[in-house]
Amino acid sequence: MPGSDIKKVEVEDDEYETYFTRQRVVIPDDDKPGFSFRKLWAFSGPGLLMSIAYLDPGNIESDLQSGTIAGYKLLWVLLSATVLGLVAQTLATRLGVTTGLHLAEMCHRQYKKFPRLLVWIMVEIAVIGSDMQEVIGTGIAIYLLSNKVIPLWAGCIITIIDTFTFLFLDKYGLRKLELFFAFLISVMGITFGYEYIVAAPSQGSVVQGMFFPWCKDCNSDALLQAVGIVGAVIMPHNLYLHSALVKSREVDRKKPEKIKEANFYYLIESSIALLISFVINVFVVSVFAYGLHHKTNTEMLDSCEINGIDAFDVFPNNTEYVNADLYKGGIFLGCTFGSAALYIWAVGILAAGQSSTMTGTYAGQFAMEGFLNLKWARWKRVLFTRTIAIIPTFFTAFFSTIEDLTDMNDILNAVMSLQLPFAVIPTIAFTSNPKIMGKFTNGIVLKIVAFLLSAAVISINIYFVYSTVEEMDLNAGALSGVLIVAVLYVMLVIYLIIHLTASININTIGQKPFIKKYFLVDSDHNLELKI
(Lines give C-alpha, C1' and ligand atoms only; values in the text may rest on other atoms or scores of the structure.)
Protein backbone atom coordinates (compact mmCIF):
# COMPACT_ATOMS: atom_id res chain seq x y z
CA MET A 1 0.00 0.00 0.00
CA PRO A 2 2.68 2.49 -0.87
CA GLY A 3 1.83 5.91 -2.19
CA SER A 4 0.47 7.51 0.99
CA ASP A 5 2.33 10.30 2.73
CA ILE A 6 4.05 9.38 5.99
CA LYS A 7 4.51 11.89 8.77
CA LYS A 8 7.64 11.51 10.86
CA VAL A 9 6.94 11.86 14.57
CA GLU A 10 9.58 12.82 17.09
CA VAL A 11 9.80 10.49 20.10
CA GLU A 12 11.78 10.85 23.28
CA ASP A 13 13.57 7.54 22.87
CA ASP A 14 13.52 5.47 19.70
CA GLU A 15 14.10 2.23 21.56
CA TYR A 16 10.62 2.44 23.07
CA GLU A 17 8.87 2.77 19.71
CA THR A 18 5.96 0.63 18.62
CA TYR A 19 5.40 0.08 14.94
CA PHE A 20 3.51 3.36 14.43
CA THR A 21 5.35 5.61 16.88
CA ARG A 22 7.85 7.32 14.60
CA GLN A 23 5.68 7.44 11.51
CA ARG A 24 2.00 7.98 10.89
CA VAL A 25 0.07 7.97 7.65
CA VAL A 26 -1.11 11.46 6.73
CA ILE A 27 -4.76 11.70 5.69
CA PRO A 28 -5.06 13.86 2.54
CA ASP A 29 -7.05 17.08 2.84
CA ASP A 30 -10.03 16.93 0.52
CA ASP A 31 -12.68 19.55 1.01
CA LYS A 32 -14.95 18.01 -1.60
CA PRO A 33 -18.15 16.70 0.00
CA GLY A 34 -18.93 12.99 -0.14
CA PHE A 35 -16.88 9.85 -0.29
CA SER A 36 -13.16 10.00 -1.11
CA PHE A 37 -11.22 6.97 -2.37
CA ARG A 38 -7.96 8.80 -1.56
CA LYS A 39 -8.96 8.99 2.09
CA LEU A 40 -10.12 5.39 2.16
CA TRP A 41 -6.76 4.36 0.75
CA ALA A 42 -4.96 6.36 3.43
CA PHE A 43 -7.02 4.73 6.19
CA SER A 44 -6.61 1.22 4.73
CA GLY A 45 -4.15 -1.04 6.51
CA PRO A 46 -5.13 -1.59 10.15
CA GLY A 47 -8.19 -3.59 9.08
CA LEU A 48 -5.99 -5.96 7.08
CA LEU A 49 -3.83 -6.71 10.10
CA MET A 50 -6.95 -7.10 12.24
CA SER A 51 -8.58 -9.51 9.79
CA ILE A 52 -5.60 -11.87 10.04
CA ALA A 53 -7.04 -13.14 13.34
CA TYR A 54 -10.10 -14.32 11.40
CA LEU A 55 -7.83 -16.39 9.16
CA ASP A 56 -5.35 -17.95 11.57
CA PRO A 57 -4.74 -21.74 11.58
CA GLY A 58 -7.14 -22.18 14.51
CA ASN A 59 -9.92 -20.62 12.46
CA ILE A 60 -9.00 -22.63 9.38
CA GLU A 61 -9.14 -25.85 11.40
CA SER A 62 -12.49 -24.80 12.88
CA ASP A 63 -13.73 -24.17 9.31
CA LEU A 64 -12.70 -27.57 7.99
CA GLN A 65 -14.15 -29.33 11.04
CA SER A 66 -17.40 -27.40 10.56
CA GLY A 67 -17.64 -28.58 6.96
CA THR A 68 -16.68 -32.14 7.87
CA ILE A 69 -19.16 -32.47 10.74
CA ALA A 70 -22.17 -30.45 9.51
CA GLY A 71 -21.63 -29.91 5.79
CA TYR A 72 -22.82 -26.48 4.67
CA LYS A 73 -25.33 -26.14 7.52
CA LEU A 74 -23.17 -23.93 9.77
CA LEU A 75 -22.17 -21.31 7.20
CA TRP A 76 -24.82 -18.97 8.63
CA VAL A 77 -23.11 -19.25 12.02
CA LEU A 78 -19.84 -18.21 10.40
CA LEU A 79 -21.59 -15.24 8.77
CA SER A 80 -23.26 -14.23 12.05
CA ALA A 81 -19.98 -14.52 13.97
CA THR A 82 -18.23 -12.34 11.38
CA VAL A 83 -20.94 -9.67 11.70
CA LEU A 84 -20.64 -9.78 15.50
CA GLY A 85 -16.90 -9.48 15.06
CA LEU A 86 -17.37 -6.37 12.92
CA VAL A 87 -19.46 -4.77 15.67
CA ALA A 88 -16.79 -5.51 18.27
CA GLN A 89 -13.95 -4.33 16.02
CA THR A 90 -15.83 -1.12 15.21
CA LEU A 91 -16.17 -0.33 18.91
CA ALA A 92 -12.43 -0.92 19.34
CA THR A 93 -11.53 1.44 16.49
CA ARG A 94 -13.90 4.12 17.82
CA LEU A 95 -12.12 3.96 21.17
CA GLY A 96 -8.65 4.29 19.65
CA VAL A 97 -9.60 7.06 17.21
CA THR A 98 -11.63 9.16 19.66
CA THR A 99 -9.36 8.98 22.71
CA GLY A 100 -5.92 8.37 21.22
CA LEU A 101 -5.56 5.52 23.73
CA HIS A 102 -5.80 1.87 22.84
CA LEU A 103 -7.84 -0.61 24.86
CA ALA A 104 -5.02 -1.78 27.14
CA GLU A 105 -4.01 1.81 27.92
CA MET A 106 -7.60 2.62 28.78
CA CYS A 107 -7.82 -0.42 31.06
CA HIS A 108 -4.78 0.90 32.91
CA ARG A 109 -6.60 4.18 33.53
CA GLN A 110 -10.08 2.84 34.30
CA TYR A 111 -9.65 -0.29 36.43
CA LYS A 112 -8.39 -0.71 39.97
CA LYS A 113 -4.92 -2.23 40.15
CA PHE A 114 -5.78 -5.78 41.25
CA PRO A 115 -8.60 -6.47 38.76
CA ARG A 116 -6.57 -4.74 36.05
CA LEU A 117 -3.70 -7.16 36.59
CA LEU A 118 -6.10 -10.09 36.48
CA VAL A 119 -7.58 -8.86 33.20
CA TRP A 120 -4.04 -8.47 31.80
CA ILE A 121 -3.25 -12.07 32.78
CA MET A 122 -6.39 -13.23 30.99
CA VAL A 123 -5.41 -11.32 27.85
CA GLU A 124 -1.91 -12.80 27.96
CA ILE A 125 -3.43 -16.28 28.26
CA ALA A 126 -5.49 -15.54 25.15
CA VAL A 127 -2.36 -14.39 23.30
CA ILE A 128 -0.45 -17.52 24.36
CA GLY A 129 -3.31 -19.83 23.37
CA SER A 130 -3.71 -18.18 19.99
CA ASP A 131 0.04 -18.14 19.43
CA MET A 132 0.30 -21.86 20.15
CA GLN A 133 -2.33 -22.59 17.51
CA GLU A 134 -0.63 -20.33 15.00
CA VAL A 135 2.90 -21.63 15.51
CA ILE A 136 1.82 -25.27 15.50
CA GLY A 137 -0.34 -24.65 12.43
CA THR A 138 2.66 -23.20 10.63
CA GLY A 139 4.75 -26.16 11.79
CA ILE A 140 2.19 -28.52 10.24
CA ALA A 141 2.36 -26.54 6.98
CA ILE A 142 6.17 -26.89 6.92
CA TYR A 143 5.82 -30.60 7.76
CA LEU A 144 3.54 -31.06 4.73
CA LEU A 145 5.67 -28.93 2.39
CA SER A 146 8.83 -30.84 3.35
CA ASN A 147 7.10 -34.17 2.76
CA LYS A 148 7.44 -35.01 6.48
CA VAL A 149 11.21 -34.37 6.47
CA ILE A 150 11.05 -31.42 8.89
CA PRO A 151 9.37 -32.57 12.14
CA LEU A 152 6.74 -30.47 13.89
CA TRP A 153 9.03 -29.20 16.64
CA ALA A 154 11.60 -28.03 14.08
CA GLY A 155 8.87 -26.31 12.05
CA CYS A 156 7.76 -24.49 15.20
CA ILE A 157 11.31 -23.26 15.84
CA ILE A 158 11.59 -22.06 12.23
CA THR A 159 8.32 -20.17 12.63
CA ILE A 160 9.41 -18.54 15.86
CA ILE A 161 12.74 -17.42 14.37
CA ASP A 162 11.39 -16.05 11.10
CA THR A 163 8.65 -14.21 13.00
CA PHE A 164 11.37 -12.16 14.71
CA THR A 165 12.71 -11.31 11.26
CA PHE A 166 9.39 -10.31 9.73
CA LEU A 167 8.41 -8.22 12.76
CA PHE A 168 11.12 -5.71 11.93
CA LEU A 169 9.84 -5.12 8.40
CA ASP A 170 8.28 -1.91 9.67
CA LYS A 171 11.82 -0.50 9.79
CA TYR A 172 11.43 -0.19 6.02
CA GLY A 173 8.18 1.72 6.34
CA LEU A 174 4.76 1.29 7.83
CA ARG A 175 3.01 0.99 4.45
CA LYS A 176 5.48 -1.65 3.28
CA LEU A 177 4.62 -3.72 6.35
CA GLU A 178 0.91 -3.39 5.57
CA LEU A 179 1.63 -4.32 1.95
CA PHE A 180 3.34 -7.48 3.17
CA PHE A 181 0.23 -8.46 5.13
CA ALA A 182 -1.91 -7.73 2.07
CA PHE A 183 0.35 -10.11 0.14
CA LEU A 184 -0.10 -12.88 2.73
CA ILE A 185 -3.88 -12.46 2.65
CA SER A 186 -3.74 -12.62 -1.14
CA VAL A 187 -1.80 -15.88 -0.90
CA MET A 188 -4.54 -17.29 1.34
CA GLY A 189 -7.24 -16.10 -1.04
CA ILE A 190 -5.52 -17.65 -4.06
CA THR A 191 -4.61 -20.97 -2.43
CA PHE A 192 -7.91 -21.63 -0.67
CA GLY A 193 -9.77 -20.24 -3.68
CA TYR A 194 -7.94 -22.78 -5.84
CA GLU A 195 -9.14 -25.60 -3.59
CA TYR A 196 -12.69 -24.24 -3.86
CA ILE A 197 -12.55 -24.14 -7.66
CA VAL A 198 -11.05 -27.63 -7.89
CA ALA A 199 -13.61 -29.12 -5.47
CA ALA A 200 -16.49 -27.25 -7.16
CA PRO A 201 -19.02 -27.59 -4.32
CA SER A 202 -22.72 -26.97 -4.98
CA GLN A 203 -23.22 -23.20 -5.13
CA GLY A 204 -26.86 -23.60 -4.15
CA SER A 205 -25.88 -25.51 -1.02
CA VAL A 206 -23.33 -22.84 -0.13
CA VAL A 207 -25.88 -20.02 -0.46
CA GLN A 208 -28.54 -22.00 1.43
CA GLY A 209 -26.14 -22.77 4.27
CA MET A 210 -25.15 -19.12 4.48
CA PHE A 211 -28.64 -17.61 4.67
CA PHE A 212 -30.81 -20.39 6.12
CA PRO A 213 -30.32 -20.11 9.90
CA TRP A 214 -31.03 -23.66 10.92
CA CYS A 215 -29.20 -26.94 11.26
CA LYS A 216 -31.59 -29.74 10.38
CA ASP A 217 -30.76 -33.18 11.76
CA CYS A 218 -27.63 -31.83 13.49
CA ASN A 219 -26.29 -33.73 16.49
CA SER A 220 -24.55 -32.46 19.62
CA ASP A 221 -21.18 -32.47 17.83
CA ALA A 222 -22.54 -30.04 15.24
CA LEU A 223 -23.99 -27.80 17.95
CA LEU A 224 -20.67 -27.74 19.81
CA GLN A 225 -18.92 -26.98 16.53
CA ALA A 226 -21.29 -24.04 15.97
CA VAL A 227 -20.38 -22.67 19.39
CA GLY A 228 -16.70 -23.22 18.63
CA ILE A 229 -16.98 -21.18 15.43
CA VAL A 230 -17.99 -18.09 17.40
CA GLY A 231 -15.16 -18.61 19.88
CA ALA A 232 -12.66 -19.12 17.07
CA VAL A 233 -13.75 -16.12 14.98
CA ILE A 234 -14.01 -13.39 17.65
CA MET A 235 -10.52 -13.30 19.16
CA PRO A 236 -10.14 -11.40 22.46
CA HIS A 237 -6.63 -10.06 21.86
CA ASN A 238 -7.71 -8.79 18.45
CA LEU A 239 -9.75 -5.97 20.02
CA TYR A 240 -6.65 -4.79 21.86
CA LEU A 241 -4.67 -5.03 18.63
CA HIS A 242 -7.15 -3.14 16.44
CA SER A 243 -7.67 -0.30 18.92
CA ALA A 244 -3.90 0.27 18.81
CA LEU A 245 -3.42 -0.10 15.05
CA VAL A 246 -5.76 2.80 14.25
CA LYS A 247 -3.37 5.14 16.04
CA SER A 248 -1.06 4.80 13.05
CA ARG A 249 -3.09 7.42 11.16
CA GLU A 250 -2.66 11.14 11.69
CA VAL A 251 -6.09 12.25 12.92
CA ASP A 252 -6.66 15.72 14.38
CA ARG A 253 -8.80 14.80 17.39
CA LYS A 254 -9.28 18.45 18.27
CA LYS A 255 -11.73 18.57 15.38
CA PRO A 256 -14.84 16.38 15.89
CA GLU A 257 -15.44 16.23 12.14
CA LYS A 258 -12.03 14.58 11.68
CA ILE A 259 -12.85 11.95 14.31
CA LYS A 260 -16.20 11.29 12.64
CA GLU A 261 -14.46 11.00 9.28
CA ALA A 262 -11.89 8.54 10.64
CA ASN A 263 -14.57 6.36 12.25
CA PHE A 264 -16.50 6.32 8.96
CA TYR A 265 -13.57 5.22 6.82
CA TYR A 266 -12.35 2.70 9.38
CA LEU A 267 -15.83 1.13 9.37
CA ILE A 268 -15.67 0.76 5.59
CA GLU A 269 -12.12 -0.58 5.70
CA SER A 270 -12.94 -3.09 8.45
CA SER A 271 -16.04 -4.23 6.56
CA ILE A 272 -14.04 -4.86 3.39
CA ALA A 273 -11.28 -6.69 5.29
CA LEU A 274 -13.75 -8.92 7.14
CA LEU A 275 -15.69 -9.57 3.94
CA ILE A 276 -12.48 -10.88 2.37
CA SER A 277 -11.75 -13.03 5.41
CA PHE A 278 -15.32 -14.34 5.39
CA VAL A 279 -15.07 -15.37 1.72
CA ILE A 280 -11.80 -17.21 2.41
CA ASN A 281 -13.38 -19.00 5.40
CA VAL A 282 -16.35 -19.96 3.20
CA PHE A 283 -13.91 -21.47 0.70
CA VAL A 284 -12.49 -23.75 3.39
CA VAL A 285 -15.83 -24.79 4.91
CA SER A 286 -17.31 -25.55 1.49
CA VAL A 287 -14.38 -27.63 0.26
CA PHE A 288 -14.56 -29.94 3.25
CA ALA A 289 -18.35 -29.95 3.34
CA TYR A 290 -18.20 -31.24 -0.23
CA GLY A 291 -15.39 -33.74 0.22
CA LEU A 292 -15.33 -34.97 3.84
CA HIS A 293 -18.88 -34.64 5.19
CA HIS A 294 -20.00 -38.18 6.14
CA LYS A 295 -16.87 -39.61 4.53
CA THR A 296 -15.50 -42.70 6.32
CA ASN A 297 -11.85 -43.51 6.94
CA THR A 298 -12.10 -46.58 4.69
CA GLU A 299 -13.44 -44.47 1.83
CA MET A 300 -10.54 -42.06 2.27
CA LEU A 301 -8.03 -44.92 2.24
CA ASP A 302 -9.52 -46.14 -1.03
CA SER A 303 -9.18 -42.66 -2.55
CA CYS A 304 -5.59 -42.41 -1.39
CA GLU A 305 -4.75 -45.84 -2.78
CA ILE A 306 -6.16 -44.88 -6.19
CA ASN A 307 -3.88 -41.83 -6.24
CA GLY A 308 -0.85 -43.79 -5.03
CA ILE A 309 -0.66 -42.17 -1.58
CA ASP A 310 0.08 -44.28 1.49
CA ALA A 311 -2.25 -42.91 4.16
CA PHE A 312 -2.66 -45.88 6.52
CA ASP A 313 -0.92 -43.87 9.24
CA VAL A 314 -3.44 -41.04 8.75
CA PHE A 315 -6.81 -42.75 8.27
CA PRO A 316 -7.48 -45.94 10.27
CA ASN A 317 -9.10 -48.75 8.33
CA ASN A 318 -12.62 -48.49 9.80
CA THR A 319 -16.06 -47.19 8.91
CA GLU A 320 -16.05 -44.25 11.32
CA TYR A 321 -16.38 -40.77 9.90
CA VAL A 322 -13.12 -38.89 9.33
CA ASN A 323 -12.07 -36.70 12.26
CA ALA A 324 -10.50 -33.85 10.32
CA ASP A 325 -7.63 -31.53 11.26
CA LEU A 326 -5.14 -29.37 9.37
CA TYR A 327 -2.87 -32.29 8.57
CA LYS A 328 -5.59 -34.74 7.57
CA GLY A 329 -7.19 -31.97 5.55
CA GLY A 330 -4.04 -31.66 3.46
CA ILE A 331 -3.81 -35.43 2.96
CA PHE A 332 -7.49 -35.54 1.95
CA LEU A 333 -6.90 -32.85 -0.69
CA GLY A 334 -3.88 -34.72 -2.03
CA CYS A 335 -5.76 -38.02 -2.18
CA THR A 336 -8.83 -36.48 -3.79
CA PHE A 337 -7.53 -33.76 -6.11
CA GLY A 338 -3.85 -34.59 -6.56
CA SER A 339 -0.54 -33.63 -4.96
CA ALA A 340 -0.77 -30.03 -6.19
CA ALA A 341 -3.86 -29.50 -4.03
CA LEU A 342 -1.96 -30.78 -0.96
CA TYR A 343 1.01 -28.45 -1.42
CA ILE A 344 -1.18 -25.46 -2.29
CA TRP A 345 -3.15 -26.11 0.91
CA ALA A 346 0.10 -26.18 2.88
CA VAL A 347 1.19 -22.84 1.34
CA GLY A 348 -2.13 -21.30 2.41
CA ILE A 349 -1.73 -22.60 5.98
CA LEU A 350 1.84 -21.31 6.02
CA ALA A 351 0.67 -17.81 5.04
CA ALA A 352 -2.12 -17.94 7.63
CA GLY A 353 0.20 -19.08 10.41
CA GLN A 354 3.05 -16.72 9.63
CA SER A 355 0.87 -13.62 9.40
CA SER A 356 -1.12 -14.43 12.55
CA THR A 357 2.00 -15.06 14.65
CA MET A 358 3.17 -11.56 13.74
CA THR A 359 -0.09 -9.83 14.63
CA GLY A 360 -0.35 -11.93 17.79
CA THR A 361 3.06 -10.69 18.88
CA TYR A 362 2.00 -7.10 18.23
CA ALA A 363 -1.11 -7.69 20.36
CA GLY A 364 1.05 -9.02 23.18
CA GLN A 365 3.29 -5.95 23.02
CA PHE A 366 0.35 -3.54 23.10
CA ALA A 367 -1.22 -5.41 26.03
CA MET A 368 2.00 -5.34 28.03
CA GLU A 369 2.81 -1.69 27.47
CA GLY A 370 -0.81 -0.65 28.07
CA PHE A 371 -1.80 -2.66 31.13
CA LEU A 372 1.52 -2.33 32.93
CA ASN A 373 2.55 1.06 31.54
CA LEU A 374 5.98 -0.43 30.85
CA LYS A 375 8.65 1.44 28.90
CA TRP A 376 10.76 -1.47 27.82
CA ALA A 377 12.98 -1.39 24.78
CA ARG A 378 11.14 -2.81 21.78
CA TRP A 379 13.40 -5.84 21.39
CA LYS A 380 12.78 -6.74 25.04
CA ARG A 381 9.00 -6.58 24.54
CA VAL A 382 9.22 -8.71 21.40
CA LEU A 383 11.47 -11.23 23.14
CA PHE A 384 9.21 -11.45 26.19
CA THR A 385 5.94 -11.83 24.28
CA ARG A 386 7.48 -14.51 22.05
CA THR A 387 9.21 -16.37 24.91
CA ILE A 388 6.04 -16.88 26.98
CA ALA A 389 4.56 -18.73 23.99
CA ILE A 390 7.73 -20.47 22.78
CA ILE A 391 8.20 -22.80 25.74
CA PRO A 392 4.70 -24.38 25.88
CA THR A 393 4.50 -24.48 22.08
CA PHE A 394 7.87 -26.20 21.64
CA PHE A 395 7.25 -28.87 24.26
CA THR A 396 3.73 -29.47 22.99
CA ALA A 397 5.01 -30.01 19.45
CA PHE A 398 8.01 -32.07 20.60
CA PHE A 399 6.09 -34.53 22.76
CA SER A 400 2.80 -34.68 20.82
CA THR A 401 1.64 -36.45 17.72
CA ILE A 402 -0.44 -34.91 14.95
CA GLU A 403 -3.52 -36.57 16.44
CA ASP A 404 -2.86 -35.09 19.89
CA LEU A 405 -2.69 -31.59 18.44
CA THR A 406 -6.29 -31.77 17.21
CA ASP A 407 -7.57 -32.42 20.74
CA MET A 408 -5.35 -29.64 22.03
CA ASN A 409 -6.78 -27.23 19.45
CA ASP A 410 -10.27 -27.80 20.91
CA ILE A 411 -8.96 -27.07 24.41
CA LEU A 412 -7.21 -23.91 23.22
CA ASN A 413 -10.41 -22.72 21.53
CA ALA A 414 -12.20 -23.20 24.85
CA VAL A 415 -9.46 -21.30 26.70
CA MET A 416 -9.59 -18.37 24.28
CA SER A 417 -13.36 -18.35 24.34
CA LEU A 418 -13.10 -17.94 28.11
CA GLN A 419 -11.08 -14.76 27.64
CA LEU A 420 -13.62 -13.03 25.38
CA PRO A 421 -15.43 -11.17 28.20
CA PHE A 422 -12.13 -9.52 29.18
CA ALA A 423 -11.98 -7.82 25.81
CA VAL A 424 -15.64 -7.35 24.88
CA ILE A 425 -16.90 -5.98 28.22
CA PRO A 426 -14.13 -3.33 28.64
CA THR A 427 -14.61 -2.22 25.03
CA ILE A 428 -18.35 -1.72 25.57
CA ALA A 429 -17.79 -0.04 28.94
CA PHE A 430 -15.30 2.53 27.69
CA THR A 431 -17.12 3.37 24.44
CA SER A 432 -20.37 3.82 26.41
CA ASN A 433 -18.83 6.20 28.95
CA PRO A 434 -19.59 9.85 28.07
CA LYS A 435 -16.65 11.05 30.17
CA ILE A 436 -14.34 9.09 27.88
CA MET A 437 -16.04 9.37 24.50
CA GLY A 438 -17.88 12.69 24.75
CA LYS A 439 -20.24 13.18 21.81
CA PHE A 440 -18.98 9.91 20.30
CA THR A 441 -20.45 7.79 23.10
CA ASN A 442 -22.38 4.74 21.92
CA GLY A 443 -25.98 5.53 21.04
CA ILE A 444 -28.92 3.57 22.43
CA VAL A 445 -29.06 1.22 19.43
CA LEU A 446 -25.35 0.47 19.59
CA LYS A 447 -25.58 -0.04 23.35
CA ILE A 448 -28.36 -2.60 22.90
CA VAL A 449 -26.41 -4.40 20.18
CA ALA A 450 -23.27 -4.33 22.34
CA PHE A 451 -25.18 -5.70 25.35
CA LEU A 452 -26.60 -8.51 23.22
CA LEU A 453 -23.10 -9.22 21.94
CA SER A 454 -21.76 -9.37 25.49
CA ALA A 455 -24.60 -11.63 26.64
CA ALA A 456 -24.10 -13.92 23.63
CA VAL A 457 -20.36 -14.16 24.29
CA ILE A 458 -20.82 -15.04 27.97
CA SER A 459 -23.56 -17.58 27.22
CA ILE A 460 -21.47 -19.22 24.53
CA ASN A 461 -18.54 -19.37 26.94
CA ILE A 462 -20.60 -21.15 29.58
CA TYR A 463 -21.88 -23.77 27.16
CA PHE A 464 -18.60 -24.30 25.31
CA VAL A 465 -16.45 -24.64 28.42
CA TYR A 466 -19.00 -26.83 30.19
CA SER A 467 -19.12 -29.17 27.19
CA THR A 468 -15.33 -29.25 26.93
CA VAL A 469 -14.86 -30.03 30.65
CA GLU A 470 -17.57 -32.68 30.51
CA GLU A 471 -15.83 -34.45 27.63
CA MET A 472 -12.50 -34.41 29.50
CA ASP A 473 -13.96 -36.73 32.21
CA LEU A 474 -11.87 -35.23 35.03
CA ASN A 475 -11.32 -36.92 38.38
CA ALA A 476 -12.67 -35.40 41.61
CA GLY A 477 -9.47 -33.52 42.44
CA ALA A 478 -9.11 -31.95 39.02
CA LEU A 479 -12.81 -31.11 38.94
CA SER A 480 -12.51 -29.34 42.30
CA GLY A 481 -9.67 -27.25 40.91
CA VAL A 482 -11.76 -26.36 37.86
CA LEU A 483 -14.66 -25.30 40.10
CA ILE A 484 -12.40 -23.03 42.19
CA VAL A 485 -11.04 -21.37 39.05
CA ALA A 486 -14.60 -21.08 37.72
CA VAL A 487 -15.75 -19.23 40.86
CA LEU A 488 -12.84 -16.78 40.65
CA TYR A 489 -13.50 -16.33 36.93
CA VAL A 490 -17.18 -15.54 37.51
CA MET A 491 -16.29 -13.05 40.25
CA LEU A 492 -13.98 -11.17 37.87
CA VAL A 493 -16.64 -11.14 35.14
CA ILE A 494 -19.20 -9.80 37.64
CA TYR A 495 -16.75 -7.05 38.60
CA LEU A 496 -16.42 -6.05 34.94
CA ILE A 497 -20.19 -6.11 34.45
CA ILE A 498 -20.73 -3.82 37.47
CA HIS A 499 -18.03 -1.51 36.13
CA LEU A 500 -19.73 -1.58 32.74
CA THR A 501 -23.09 -0.65 34.27
CA ALA A 502 -21.50 2.20 36.22
CA SER A 503 -19.68 3.45 33.09
CA ILE A 504 -22.89 3.60 31.09
CA ASN A 505 -24.73 5.33 33.95
CA ILE A 506 -21.77 7.39 35.10
CA ASN A 507 -23.91 10.25 36.44
CA THR A 508 -26.25 8.01 38.47
CA ILE A 509 -24.92 4.58 39.42
CA GLY A 510 -21.38 5.84 38.91
CA GLN A 511 -21.89 8.41 41.69
CA LYS A 512 -22.75 5.85 44.37
CA PRO A 513 -20.05 5.95 47.10
CA PHE A 514 -19.62 2.16 47.10
CA ILE A 515 -19.23 2.04 43.31
CA LYS A 516 -16.83 4.99 43.24
CA LYS A 517 -14.68 3.45 45.97
CA TYR A 518 -14.39 -0.11 44.71
CA PHE A 519 -15.09 -0.03 40.98
CA LEU A 520 -14.22 3.33 39.45
CA VAL A 521 -10.93 5.17 39.20
CA ASP A 522 -10.77 8.93 39.57
CA SER A 523 -8.80 9.31 36.38
CA ASP A 524 -10.08 12.50 34.79
CA HIS A 525 -6.52 13.78 34.79
CA ASN A 526 -5.47 10.68 32.86
CA LEU A 527 -8.02 11.15 30.10
CA GLU A 528 -6.24 13.98 28.37
CA LEU A 529 -6.20 12.83 24.79
CA LYS A 530 -2.84 11.86 23.35
CA ILE A 531 -2.25 13.79 20.12
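The values are calculated or read from the model by the stated rules, or taken from the named source; none is laboratory data. Because the structure is predicted, anything quoted here is derived from the model rather than measured. Glycine gets a Cβ as well: all are built from the backbone with ideal geometry, and neighbour counts include every protein chain shown. In case anyone asks, the SASA skips ligands and DNA or RNA and just uses the protein heavy atoms, side chains included. Shrake-Rupley method; radii C 1.70, N 1.55, O 1.52, S 1.80 Å.
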Revision key, fill the gap. Every listed condition ((1) open to solvent by 10 Å² or more (accessible area, probe 1.4 Å); (2) part of a helix (DSSP H, G or I); (3) touching a helix residue (DSSP H, G or I) at 6+ places or on another chain (Cβ under 9 Å)) holds for E257 save (3)
Practice item. Go through (1) touching a residue at least 24 places away in the same chain (Cβ under 8 Å); (2) open to solvent by 30 Å² or more (accessible area, probe 1.4 Å) one by one and return the number of the condition P426 breaks. Key: (2)
Check your understanding: If you go through the range 489-496 one residue at a time, do you hit one that is closer than 25 Å to Q89 by Cβ, in contact (Cβ under 8 Å) with a residue 40 or more places away in the chain and in contact with a Leu (Cβ under 8 Å, 6 or more places away or on another chain)?
Key -> yes
Practice item. Within the range 429-448, work out how many residues are β-branched (V, I, T) and surrounded by fewer than 17 Cβ atoms within 10 Å (Cβ to Cβ). Key: 3
Review point. Do we have L152 as among the hydrophobic types (A, V, I, L, M, F, W, C), under 30 Å from I27 (Cβ atoms) and open to solvent by less than 20 Å² (accessible area, probe 1.4 Å) here?
Key: no
Practice item. Hey, can you tell me all the residues within the range 183-220 that are open to solvent by less than 20 Å² (accessible area, probe 1.4 Å) and of a type in the set (A, V, I, L, M)? Key: L184, I185, M188, A199, V206
Check your understanding: How about the range 35-94: which of its residues are of a type in the set (K, R), closer than 28 Å to F430 by Cα and crowded, with 21+ Cβ neighbours inside 10 Å?
Key -> R94
Point to revise | Verdict on N505 being at pLDDT 85 or above, of a type in the set (S, T, N, Q) and on the phi < 0 side of the Ramachandran plot | key: yes
Check your understanding: What tally of residues in the range 98-122 results from selecting those that are open to solvent by 10 Å² or more (accessible area, probe 1.4 Å) and either in a helix (DSSP H, G or I) or not charged (D, E, K, R) (or both)?
Key -> 13
Practice item. Answer yes or no: is there a residue in the range 273-281 that is under 29 Å from I458 (Cα atoms) and touching an Asp or Glu at 6+ places or on another chain (Cβ under 6 Å). Key: yes
Check your understanding: In the list T319, T336, which residue meets the criterion of being among the β-branched types (V, I, T), more than 22 Å from G155 (Cβ to Cβ) and not in a helix (DSSP H, G or I)?
Key -> T319
**Study point:** Residue that is farthest from V207 (Cα to Cα), among those in the range 284-293 that are surrounded by 23 or more Cβ atoms within 10 Å (Cβ to Cβ) and of a type outside the set (S, T, N, Q)
**Key:** L292
Exercise for review: Select, from E178, E250, the only residue that is on the phi < 0 side of the Ramachandran plot and open to solvent by 30 Å² or more (accessible area, probe 1.4 Å).
Suggested key: E250
Review point. Which residue pairs have Cβ atoms closer than 7 Å, lie 6 or more positions apart in sequence or on different chains, and pair a first residue in the range 261-277 that is part of a helix (DSSP H, G or I) with a second residue that is open to solvent by 70 Å² or more (accessible area, probe 1.4 Å)?
Key: none
